[in-house]
Structures are given as structure tokens and as C-alpha cells.
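Shown next, in C-alpha cells, is the structure this report addresses.
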């Protein structure tokens, strides 16, 4: 299937999940996430889940990482100029605002270079068996991750099993290293 068709289908599928069912799926995603060895991780780029898109609750994963990694540094994405994305370091005093796409991001903070980030939690709607993902179609993450370091791990979360193939991937699409579903972890 094409990304546009998959995007519409899986966004609709996610929005059909009811509150209690999503809570259960988030807990199952967290259990899978807890199976990963994070001993080399010192800085993570995460994202604020968009409620209107029924995204997995990344706050659970962030909380777990904070619990097991002393002095973990956390960054959130900020969209600049409508095209590019930066990683902004946050702390307990960070003030957030929601932009016109519905993305909650820090209002200000120190910009973190990509080569300092060990782990990126990448938003998606669905991924395929090769680790390619369907996002929201703006390309922010693919542009941002184009020059990532080899040590930077990319993890995506989906409430649904991977599909066999996204038929319109491009050479600039960046695959995940791990895809996590409520049932298992897929390694690419």
C-alpha cells in the first residue's frame, strides 16, 4: 500500500481504540520497551504524544528511562521554519506550547546536536517488516535524521503488527532499528 492510504487507514484504526483499550496497549508497549538494554543511553530525543492522533503514551517510556538511567538528558523536537526540526534539551522548568500542527514542544532551551543523541523515539502510524515507517507526511524526522550518527538508535511504537511492505518508500526514508508492538519487539 501507498503511504497516503496507510496513513489514513491507521490513523482511523488508532482513533477507533477506546480509552481503556489504549491504556492496556500502552502498558503492553511499556513491558516490551523494558526488555531493551539501555546501558549506553545518556541522551534521548522523545516526543509529546498528540491526543488527537491517539498516539502511544511516550510519557510512560520517558518515565521508565528516567528511572533506570541516572542523569538522563531528555530533548524534545521543535519545528523551525515549517520545514526543519531541532532537538531542544528540557528540564523540570521547561515551558511547553502546542504549535499549529498540534505538536507540543518546548518554548525555548538549548539546541542539542544530533550526534549527541543516543536514542530517538520516532513517531509513526505503522511500520513495515523492513523497519520503514509511515509518519504524518511532513518529513521532519527523515530530514532531521539524515545525518545521524551510527550510535543513534531509532525506536518506533505501534499498537498494530507491522505490515509486509510500504510500497512507496524513498531513498531518503530512514528505517527504524527497533519497532515495538504490544506483542513483541521487531529488530531491523
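Within segment 44-52, does at least one residue satisfy the condition of being within 17 Å of residue 174 (Cα to Cα), assigned to a loop (DSSP other than H, G, I, E, B), in contact with a strand residue (DSSP E or B) (Cβ under 8 Å, 6 or more places away or on another chain) and touching a residue at least 60 places away in the same chain (Cβ under 8 Å)? Yes, there is a match, as at least one residue in segment 44-52 is within 17 Å of residue 174 (Cα to Cα), assigned to a loop (DSSP other than H, G, I, E, B), in contact with a strand residue (DSSP E or B) (Cβ under 8 Å, 6 or more places away or on another chain) and touching a residue at least 60 places away in the same chain (Cβ under 8 Å). Would a scan of segment 138-147 turn up a residue that is touching a strand residue (DSSP E or B) at 6+ places or on another chain (Cβ under 8 Å), farther than 25 Å from residue 7 by Cα, at pLDDT 95 or above and not in a strand (DSSP E or B)? No, that holds for no residue.
If you check residue 157 against the conditions, is it at pLDDT below 95 and in contact with a helix residue (DSSP H, G or I) (Cβ under 6 Å, 6 or more places away or on another chain)?
Values: at pLDDT below 95: no; in contact with a helix residue (DSSP H, G or I) (Cβ under 6 Å, 6 or more places away or on another chain): yes.
So residue 157 does not fit the description; no.
Just to be sure before I move on: is residue 113 under 15 Å from the mean Cα position of the chain (by Cα) and either over 28 Å from residue 185 (Cα atoms) or at pLDDT 95 or above (or both) in the structure I sent?
Values: under 15 Å from the mean Cα position of the chain (by Cα): no; either over 28 Å from residue 185 (Cα atoms) or at pLDDT 95 or above (or both): yes.
Considered against the rule, which asks whether it is under 15 Å from the mean Cα position of the chain (by Cα) and either over 28 Å from residue 185 (Cα atoms) or at pLDDT 95 or above (or both), residue 113 comes out as no.
With respect to the conditions (1) in contact with a strand residue (DSSP E or B) (Cβ under 8 Å, 6 or more places away or on another chain); (2) in a loop (DSSP other than H, G, I, E, B); (3) surrounded by fewer than 18 Cβ atoms within 10 Å (Cβ to Cβ), residue 82 lacks only one, and its number is (1). Only one of the numbered conditions (1) within 11 Å of the chain's Cα centre (by Cα); (2) closer than 25 Å to residue 82 by Cβ; (3) free of Cβ contacts under 8 Å to residues at least 60 places away in the same chain is not met by residue 179, and that is (2). Among the numbered conditions (1) part of a loop (DSSP other than H, G, I, E, B); (2) at pLDDT 95 or above; (3) surrounded by 12 or more Cβ atoms within 10 Å (Cβ to Cβ), the only one that residue 101 does not meet is (2). Listed conditions (1) closer than 23 Å to residue 33 by Cα; (2) out of contact with any helix residue (DSSP H, G or I) (no Cβ under 8 Å at 6 or more places or on another chain); (3) surrounded by 14 or more Cβ atoms within 10 Å (Cβ to Cβ) are all met by residue 121, apart from (2).
Pick from 29, 25, 72, 11: which is farther than 18 Å from residue 181 by Cβ and surrounded by 12 or more Cβ atoms within 10 Å (Cβ to Cβ)? Step by step, each of 29, 25, 72, 11 is checked, and only 72 is farther than 18 Å from residue 181 by Cβ and surrounded by 12 or more Cβ atoms within 10 Å (Cβ to Cβ).
The values are calculated or read from the model by the stated rules, or taken from the named source; none is laboratory data. Everything numeric in this text was worked out from a predicted model, so none of it was measured. FYI the Cβ positions are ideal-geometry reconstructions off the backbone, even for glycines, and counts take in every protein chain you see.
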